[in-house]
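**Student:** A single structure is presented below for examination.
The values are calculated or read from the model by the stated rules, or taken from the named source; none is laboratory data. Every value quoted in this text rests on a predicted model; they were computed, and no experiment measured them. Here the Cβ positions follow ideal geometry from the backbone for every residue, glycine too, while neighbour counts run over all protein chains shown. Ligands, DNA and RNA are excluded from the accessible area calculation, which covers all protein heavy atoms including side chains. Shrake-Rupley method; radii C 1.70, N 1.55, O 1.52, S 1.80 Å.
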Amino acid sequence: MDRWLAMKAHYLTPLFQPRSVVLVGASETAGSVGARVFRNLLDSGFKGVLYGVNRRHDTVFGQTVYRTMADVPLDEIDLAVIATSARTLPELVRECGERGVKTMLVLSRDFVAVDTTNRALLEEAVALARQFGVRMLGPNLLGLMRPASGLIAANYQGAVKAGNLALVAQSSSVASAILDWAEAHEVGFSTVVSMGASADVNFGEVLDYLSQDNQTRGILLYLEDVGEARGFLSAIRAAARQKPVVCLKVGKDPVDSQRALRTHSHQLLGSDAAFDAALRRAGVLRVPTMVHMSIAIRMLAANYRARGRRLAVISNGYGAGRMAVDRARELSVELPKLDAGTIARLDAELPAIGSHDNPVDILGDAPPERFVAAADACLADPNVDGVLVILTPQAGTDHLVTAEKMIELNQRHDKLLMLVWLGDKRIALSRELLDRAHMAYFFSPEHAIEAFASLAAWTYLQELSLQTPGPLASRSEPDIARARAVVQQALHAGRRLLTTSESLALLDAFHIPHPPTLPAATPGEAVAAAARIGLPVAIKIDADDLIHKSDVDGVVLNLTTLEQVADAAAAMLATARDRLDPAKLRGLVVQKMHGKRHGRELMLGLARDPVFGPTVAFGAGGLMAEIFEDVAATLPPLNDMIATSLIRRTKVAKALGPFRGHPAVDIDAVRALLLRVSEMACELPEVVEFDLNPVVVDEHGAVAVDASIIVAPLPADFRRYSHMAIHPYPSHLQTHGKLKDGSECVFRPIRPEDAEELQRFVREDLSEESRFNRFMSALKQLPPSLLVRFTQLDYAREMAVVAAVGSGSEERMAGVARYMANPDAASCEFAISIADRWQGMGLGSQLMMALFDAARDAGLSTIEGDILASNTPMLGLMKKLGFDIRPHPDDVSLKWVVKAL
């Protein structure tokens with residue numbers, strides 16, 4: 001691990017890798033938490049120093065215990081485990097703080113949220129912990145386990161096997177159930193953390209640690225709620241970019257049923273939709289049930305991977321094959337047509353009867369050789385990402401030999417091979433063999449398909465998580481100043497719902513096409529407006545605080561004569577005067593009919609989730625939008641790939657292709673509209689709800705027929721993009737410079753696609769001395785995990801500014817400076833490296849100035865870092881830039897440099 005990153009994680013190391021543990025409340029009392037935890041620590045062979053503290057006993061389980069923390073004969077105490085009641089916690093925190101304890105694990109279970117006394121005790125304990133610099137995990141939790149080191153500091157009675165998966169759960173009971181399942185299936189864990197009340201150490205910090213933990217290869221999450229979205233999403237994205245993360249979340253919130261000032265987008269999107277969208281953007285696989293989580297656990301533990309969603313199914317039983325096919329179709333797993341060469345090969349090697357396309361039927365009496373021939377051919381097929389082989393024990397089959405040959409075949413291919421041996425007693429030996437060989441085998445076709453769908457989804461989500469769109473779609477920039485002026489005008493007038501004319505002004509500012517529309521106060525003005533824009537037209541009521549015009553019969557379509565316009569306008573105004581507050585009635589709007597004979601009605605919009613901020617919605621539109629509830633959501637910002645993914649997740653997507661004489665719609669126009677909605681979400685944070693419903697799209701383009709926009713004033717402490725859970729690519733930070741030799745240089749935030757160039761920069765453009773000065777090790781190139789970590793950033797809490805020379809395919813990285821925000825959210829720590837050939841050219845100063853600007857833009861006030869005392873040129877640069885150079889508090893070979901921003 002990069003030493004710089006290691007310093008970021010070190011403050012939780014005493015919690016997860018303690019060299020010394022003291023249990024406060026050690027006891028022999030049957031059934032007590034203290035007794036169970038002390039017994040666990042003694043029996044698990046904890047690889048460290050263990051002591052107990054008990055006010056009333058001298059020995060527990062034959063071990064000497066002490067009366068107070070001060071009596072414990074240790075110079076340093078990494079972890080204190082508290083197994084006493086809530087009322088003792090504040091004094092124990094003070095005692096631990098004065099003793100120099102680094103971290104505390106509070107197992108006390110009697111902190112009840114509604115109990116004001118206990119809540120006050122907890123607040124006092126947290127304040128004391130922060131005063132003494134002690135980090136505290138808990139209370140109300142199962143505990144913390146690191147099986148490989150024997151740290152079983154938990155109120156748990158079962159056995160926990162060491163492994164490579166980390167389990168982080170907000171529920172002690174669910175954590176216990178998962179551990180019980182894992183014991184039965186011999187699944188091991190690197191770490192088990194029950195979060196409890198998370199009074200101090202939070203979910204994000206635990207994920208940050210586990211993402212850098214060498215013992216952890218996959219992370220399993222059980223969530224019931226999310227606290228602060230930006231921190232949670234920042235940590236979970238960072239973790240998911242380095243290792244697989246699977247999440248089970250309960251507590252799906254019902255959709256808000258309140259109709260007043262609520263757009264279709266808001267009514268159709270509950271907070272669970274926003275949470276699901278957040279996980280998708282983070283690259284996290286969400287599973288719906290414990291059964292699905294157990295399947296995901298097993299697949300992750302064995303490191304199985306699928307390249308895509310295309311699966312070939314092979315079976316010696318028609319019914320078993322159909323089970324797989326039916327489940328595949330339910331989960332949108334693609335069953336591709338096999339390549340012509342594959343079919344020819346199967347024709348030559350399999351009996352003439354039976355299907356030789358996907359699914360492949362090799363007949364009930366298939367010997368092992370027939371299974372191998374079919375599987376080998378399908379694994380080699382370029383149209384296939386994985387193969388599922390289903391064996392039903394029949395006359396002529398040899399399940400054990402077939403299993404042996406599948407193991408051999410698996411070693412010759414790098415695609416995923418999945419096996420289902422149906423039955424039980426007759427094929428038990430095969431299952432034992434497949435288990436020992438760590439094959440991907442399952443007890444039913446349905447479970448195998450579900451596992452493949454999960455793996456394929458995870459693979460796609462990794463690609464999705466690499467997307468780092470900017471706030472603007474880079475087509476024609478919106479007129480943000482004009483849009484903001486319209487919004488401020490409405491807010492100044494005390495209105496939250498924009499009028500029709502104001503909504504259309506916003507659409508124009510963001511280049512969203514809509515039909516020609518004119519206002520009309522009387523039937524006569526409506527006739528004049530219709531004559532001006534041309535028939536046929538629609539007329540609509542225009543009133544303050546009215547979102548759904550059809551609720552008051554406020555929409556009439558396809559008026560083809562001026563007489564019809566006059567009559568409809570008069571009737572609509574009369575109805576509106578009876579049903580609406582006259583003070584809010586503005587009149588009518590007359591709108592040209594869209595004229596799209598092959599048009600499909602869609603809905604695009606924004607809703608503001610209280611946790612995750614703006615959420616982009618897409619789905620079926622028109623009056624039936626809320627009936628069918630066909631809507632998908634994602635978090636902005638969007639790009640073409642994210643927009644395409646959003647469209648494909650809806651049922652209405654199938655109607656956008658050609659069918660029954662209707663040509664395919666202009667899908668690029670739909671994507672363009674979604675990008676415009678995303679731009680509005682990013683750059684106009686005053687917009688809290690926004691509906692384009694319906695949007696009518698055909699082969700010639702898309703047009704927004706109606707718009708509803710709700711706005712709200714910004715808080716006084718608002719910072720750019722602080723309303724968003726995912727920080728857009730900060731393109732506004734890009735600047736240009738010139739070096740001493742006249743070379744042009746671009747300074748810009750790093751992007752995921754810079755990974756290959758960054759690796760080349762480290763390997764080829766930095767000398768051994770430069771690499772050592774930067775990484776403080778003999779590293780020659782970046783390991784894959786660190787390369788991901790350095791290029792796939794969460795710009796809300798970290799930044800890397802690249803200095804690039806050249807352009808296009810000739811662009812080369814000449815230097816890179818980065819910072820990571822500290823836990824205090826006010827300061828950051830930096831690192832910088834300059835290619836040897838560009839040193840002495842004035843690059844370092846300009847690069848650091850660009851980093852300063854980025855840090856100020858993020859609201860940081862101090863930048864600091866450590867530099868080798870022998871790195872004289874870098875110390876000279878720091879002095880020139882105004883840093884205060886100090887002795888390093890922990891290492892005489894380093895200097896600590898600090899600068900106020």
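**Student:** Can you pull out the residues in the stretch 879-895 that are in contact with a Lys or Arg (Cβ under 8 Å, 6 or more places away or on another chain), open to solvent by less than 40 Å² (accessible area, probe 1.4 Å) and either under 19 Å from Gly844 (Cβ atoms) or assigned to a strand (DSSP E or B) (or both)?
**Tutor:** Leu881, Phe883
**Student:** Give the stretch 378-398 a look and list any residue that's open to solvent by less than 40 Å² (accessible area, probe 1.4 Å) and either within 14 Å of Ser315 (Cα to Cα) or more than 43 Å from the chain's Cα centre (by Cα) (or both), or say none.
**Tutor:** Within the stretch 378-398, Cys378, Val387, Leu388, Val389, Ile390, Leu391, Thr392, Pro393, Thr397 meet the criteria.
**Student:** Sticking with this one: Got a number for residues in the stretch 434-460 being closer than 17 Å to Val313 by Cβ, acidic (Asp, Glu) and surrounded by fewer than 18 Cβ atoms within 10 Å (Cβ to Cβ)?
**Tutor:** So the answer is 1.
**Student:** Working only within the stretch 562-588, note down all residues that are farther than 15 Å from Gly524 by Cβ and either open to solvent by 70 Å² or more (accessible area, probe 1.4 Å) or not in a helix (DSSP H, G or I) (or both).
**Tutor:** Arg577, Asp578, Arg579, Leu580, Asp581, Pro582, Ala583, Lys584, Leu585, Arg586
**Student:** Right, next: Being open to solvent by 10 Å² or more (accessible area, probe 1.4 Å) and either assigned to a loop (DSSP other than H, G, I, E, B) or closer than 19 Å to Met418 by Cβ (or both) is the filter here; which residues of the stretch 343-361 pass it?
**Tutor:** Of everything in the stretch 343-361, those that are open to solvent by 10 Å² or more (accessible area, probe 1.4 Å) and either assigned to a loop (DSSP other than H, G, I, E, B) or closer than 19 Å to Met418 by Cβ (or both) turn out to be Leu350, Pro351, Ala352, Ile353, Gly354, Ser355, His356, Asp357, Asn358, Pro359, Asp361.
**Student:** Filter the stretch 408-427 down to residues that are surrounded by fewer than 17 Cβ atoms within 10 Å (Cβ to Cβ) and either modelled with pLDDT of 90 or more or touching a Pro at 6+ places or on another chain (Cβ under 9 Å) (or both), then give me how many there are.
**Tutor:** Summing the residues that are surrounded by fewer than 17 Cβ atoms within 10 Å (Cβ to Cβ) and either modelled with pLDDT of 90 or more or touching a Pro at 6+ places or on another chain (Cβ under 9 Å) (or both) in the stretch 408-427 gives 7.
**Student:** For the stretch 522-554, what are the residues that are more than 20 Å from Leu507 (Cα to Cα), modelled with pLDDT under 95 and surrounded by fewer than 19 Cβ atoms within 10 Å (Cβ to Cβ)?
**Tutor:** Scanning the stretch 522-554 gives Ser550, Asp551, Val552, Asp553.
**Student:** Something else: Against the definition (of a type in the set (A, V, I, L, M), touching a strand residue (DSSP E or B) at 6+ places or on another chain (Cβ under 9 Å) and surrounded by 22 or more Cβ atoms within 10 Å (Cβ to Cβ)), how does Val670 come out, yes or no?
**Tutor:** yes
**Student:** Which of the residues that make up the stretch 123-152 are open to solvent by less than 20 Å² (accessible area, probe 1.4 Å), without any contact (Cβ under 8 Å) to a residue 60 or more places away in the chain and within 18 Å of Ala83 (Cβ to Cβ)?
**Tutor:** Selection gives Val134, Leu141, Leu142, Met145.
**Student:** What are the residues in the stretch 779-798 that are farther than 23 Å from Trp838 by Cβ, part of a loop (DSSP other than H, G, I, E, B) and free of Cβ contacts under 8 Å to residues at least 24 places away in the same chain, if any?
**Tutor:** Of everything in the stretch 779-798, just one residue is farther than 23 Å from Trp838 by Cβ, part of a loop (DSSP other than H, G, I, E, B) and free of Cβ contacts under 8 Å to residues at least 24 places away in the same chain, namely Pro783.
**Student:** Exactly one of these conditions fails for Thr650: (1) over 19 Å from the mean Cα position of the chain (by Cα); (2) in contact (Cβ under 8 Å) with a residue 12 or more places away in the chain; (3) within 27 Å of Asp508 (Cα to Cα); (4) buried (at least 16 other Cβ atoms within 10 Å of the Cβ). Give me its number.
**Tutor:** Every listed condition holds for Thr650 apart from (3).
**Student:** Follow-up. Just the residues that are open to solvent by less than 40 Å² (accessible area, probe 1.4 Å), in contact with a helix residue (DSSP H, G or I) (Cβ under 8 Å, 6 or more places away or on another chain) and not acidic (Asp, Glu), please, taken from the stretch 62-83.
**Tutor:** Met69, Val72, Ile77, Leu79, Ala80, Val81, Ile82, Ala83
**Student:** A further question on this structure: Quick check, is Phe618 among the aromatic types (Phe, Trp, Tyr) and buried (at least 24 other Cβ atoms within 10 Å of the Cβ)?
**Tutor:** Taking the combined requirement at face value, the residue satisfies it.
**Student:** Moving on to the next point. Look at Arg327 and say whether it is touching a residue at least 24 places away in the same chain (Cβ under 8 Å), farther than 18 Å from Ser444 by Cα and of a type in the set (Lys, Arg).
**Tutor:** No, not satisfied.
**Student:** Identify, please: which residue in the stretch 63-101 is in a helix (DSSP H, G or I) and among the aliphatic types (A, V, I, L, M) and is, among those, farthest from Ala153 (Cα to Cα)?
**Tutor:** Among those that are in a helix (DSSP H, G or I) and among the aliphatic types (A, V, I, L, M), it is Ala70.
**Student:** Starting from residues that are within 21 Å of Phe612 (Cβ to Cβ) and among the acidic types (Asp, Glu), keep the ones in the stretch 209-232 and report whichever is modelled with the lowest pLDDT.
**Tutor:** Once the filter is applied, the top-ranked residue is Glu228.
**Student:** Being on the phi > 0 side of the Ramachandran plot and either crowded, with 23+ Cβ neighbours inside 10 Å or under 17 Å from the mean Cα position of the chain (by Cα) (or both) is the filter here, so list the residues in the stretch 192-212 that pass it.
**Tutor:** Gly196 - this is the single residue of the stretch 192-212 that is on the phi > 0 side of the Ramachandran plot and either crowded, with 23+ Cβ neighbours inside 10 Å or under 17 Å from the mean Cα position of the chain (by Cα) (or both).
**Student:** Can you find a residue that is without any contact (Cβ under 8 Å) to a residue 12 or more places away in the chain and small (Gly, Ala, Ser) anywhere in the stretch 519-535?
**Tutor:** Yes.
**Student:** Give the stretch 17-43 a look and list any residue that's assigned to a loop (DSSP other than H, G, I, E, B), open to solvent by 40 Å² or more (accessible area, probe 1.4 Å) and either in contact (Cβ under 8 Å) with a residue 24 or more places away in the chain or basic (Lys, Arg) (or both), or say none.
**Tutor:** If the condition is that a residue be assigned to a loop (DSSP other than H, G, I, E, B), open to solvent by 40 Å² or more (accessible area, probe 1.4 Å) and either in contact (Cβ under 8 Å) with a residue 24 or more places away in the chain or basic (Lys, Arg) (or both), then Gln17, Arg19, Glu28 are the ones that fit.
**Student:** For the subset of the stretch 272-294 comprising residues that are among the β-branched types (Val, Ile, Thr) and surrounded by 20 or more Cβ atoms within 10 Å (Cβ to Cβ), which member is farthest from the chain's Cα centre (by Cα)?
**Tutor:** Going through the qualifying residues, I end up with Val287.
**Student:** Mind checking which residues of the stretch 887-901 are more than 16 Å from Asn773 (Cβ to Cβ), of a type in the set (D, E, K, R) and at pLDDT below 95?
**Tutor:** Selection gives Asp890 alone.
**Student:** Given the criteria out of contact with any strand residue (DSSP E or B) (no Cβ under 8 Å at 6 or more places or on another chain), open to solvent by less than 10 Å² (accessible area, probe 1.4 Å) and of a type outside the set (Asp, Glu), does Ser465 qualify?
**Tutor:** yes
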